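Everything on this sheet refers to the single structure shown next.
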Amino acid sequence: MNWQLLFNNYFHLVNKFLPQSQQKPVIGFDIGTSSVKAVEIRNTQEGSFEIQRWALEPIEGLDTKAALKRLFSRMNIKDQVPVTSVSGKGTLIRYIDMPRLTIEELRKSIVYEIDKYFPFDPQTIYTDCYIIDPKDKEKKMSVLVVATKKELVDERIKLFKEVGLELTCVTTNSIATANAFERLVKVQDPAGARAILDIGGSVSNLMILDKNHSPRFTRDIFIGSQDISNQISNILGVNLAKAEELKRSPGDKLNEIVQASEASVENLIGEIHLSFDYFITEKNLPVDDLFLVGGGALFKGIEKTFEKSLNMPVKIWNPLTDLRLAPEVASSDINSFSSQLGVAIGLALTKV
Ligand SMILES: Nc1ncnc2c1ncn2[C@@H]1O[C@H](COP(=O)(O)OP(=O)(O)OP(=O)(O)O)[C@@H](O)[C@H]1O
Ligand SMILES: [Mg+2]
């Protein structure tokens, strides 16, 4: 599937006012709630992708700008193309079936229907749409429509301006993850659908892709790895910093930590279950497997809990597996953050 159309046209209202550049390396900036991440990817002459630079900075005391400044000072940013994404409250993706139109016709017609699809005042959102099956001969087509609160995108543009960078493209986290998956994952396509769950600090983004890796369902679930830390802290009676440390390095306390975290992990799994049930009924398509990514996927053994409860194959997706590293990039450093870089990698793979 060609994501170029989507990314090129994404938030074209915003893009129109931003300078465009060609053939330059792209840097993806993932502004999370726990940390900010950046990855720069170069397309090598042999046609593979190579990480040139990367950085991750934790956000301390909710000060995203300070974390972004630290990140900038480590990244040597010159003329690369900066791309970022937004997620969570104020962003929504809908999938609708419509009579077949060209993308231009679709854009014009959807404006009049936007309030049918989103619970937002149309004046307050940026929207864009994408035809999922442009080559199908069917009379009907599947369309992805995305909306984000203007303030969310505008604030992001302002934040980057304040640290000295003009953004080129803004998309959503789930689209970025799906883009990374589509471009990197070569494992055999299942007969049914395949799900990816990005477990972040406070939000988890669920995407269900069809066998062509085209997105068919998206949902943001407001449960994340911080909830797991809170739960460990409550159950074991330790402070949050200690709970966080135990979650990251459980050592010989693994069983105790897994047990303590059970309720919050099961909460998240319950939401995934509901989404799968809805999807299977609505689309009449089974979900064959699930890939976990995001910092939350680094919690030891989490995929086993998912696998047992959902009764399906669950794997950790390491987006670095299919990428080369430039000689300056130490694999031992980047590998310990592998799962946290999925969104930034998807953004860095944007064709601008
Ligand atoms: N080695 C590890 N083991 C277990 N959990 C980890 C590990 N490393 C990071 N985490 C957890 O991952 C979470 C951060 O993940 P991530 O960087 O994907 O979140 P984010 O993108 O900042 O947040 P969000 O997507 O919710 O805005 C934190 O809650 C942290 O505790
Ligand atoms: Mg995230």
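A few points about this structure:
- The listed residue being touching a residue at least 24 places away in the same chain (Cβ under 8 Å), of a type in the set (A, V, I, L, M) and surrounded by fewer than 17 Cβ atoms within 10 Å (Cβ to Cβ), out of 59, 110, 96: 96
- Considering segment 89-183, the qualifying strands (runs of 3 or more DSSP E), each wholly inside and each with 3 or more residues that are outside the structural domain of residue 207 (by TED's automatic domain parsing) and touching a Leu at 6+ places or on another chain (Cβ under 8 Å), run over 91-99, 125-131, 140-149.
- Residue check for residue 193: touching a strand residue (DSSP E or B) at 6+ places or on another chain (Cβ under 8 Å), outside the structural domain of residue 303 (by TED's automatic domain parsing) and among the small types (Gly, Ala, Ser): no
- When residues of segment 184-216 are limited to those that are in a loop (DSSP other than H, G, I, E, B) and within 12 Å of ligand 1 (Cβ to nearest atom), the one nearest to residue 92 (Cα to Cα): 203
- Within segment 307-337, being under 26 Å from residue 175 (Cβ atoms), in a helix (DSSP H, G or I) and free of Cβ contacts under 8 Å to residues at least 40 places away in the same chain holds for one residue alone: 335.
- Single residue of segment 275-285 satisfying the filter (modelled with pLDDT of 95 or more and more than 20 Å from the chain's Cα centre (by Cα)) that is nearest to residue 212 (Cα to Cα): 280
- Selection status of residue 291, part of a helix (DSSP H, G or I), crowded, with 17+ Cβ neighbours inside 10 Å and in contact with a Leu (Cβ under 9 Å, 6 or more places away or on another chain): no
- Candidate set: segment 123-153, residues that are modelled with pLDDT under 90 and of a type outside the set (Asp, Glu); chosen: the one least open to solvent (accessible area, probe 1.4 Å): 134
- Taken together, 230, 234 contain a single residue that is free of Cβ contacts under 8 Å to residues at least 60 places away in the same chain, assigned to a helix (DSSP H, G or I) and either away from ligand 1 (no atom under 12 Å from the Cβ) or outside the structural domain of residue 300 (by TED's automatic domain parsing) (or both), which is 234.
- From 160, 217, 181, residue being open to solvent by 20 Å² or more (accessible area, probe 1.4 Å) and aromatic (Phe, Trp, Tyr): 217
- Criterion applied to 17, 49 was being away from ligand 1 (no atom under 16 Å from the Cβ), buried (at least 16 other Cβ atoms within 10 Å of the Cβ), at pLDDT below 95 and not acidic (Asp, Glu), and the one residue passing it is 49.
The values are calculated or read from the model by the stated rules, or taken from the named source; none is laboratory data. Computed from a predicted model, the values in this text were never measured in an experiment. Heads up, the Cβs are rebuilt from the backbone with ideal geometry, glycines too, and the neighbour counts pull from every protein chain shown. To get the accessible areas, we keep the full protein, side chains included, count just its heavy atoms, and leave off ligands, DNA and RNA. Shrake-Rupley method; radii C 1.70, N 1.55, O 1.52, S 1.80 Å.
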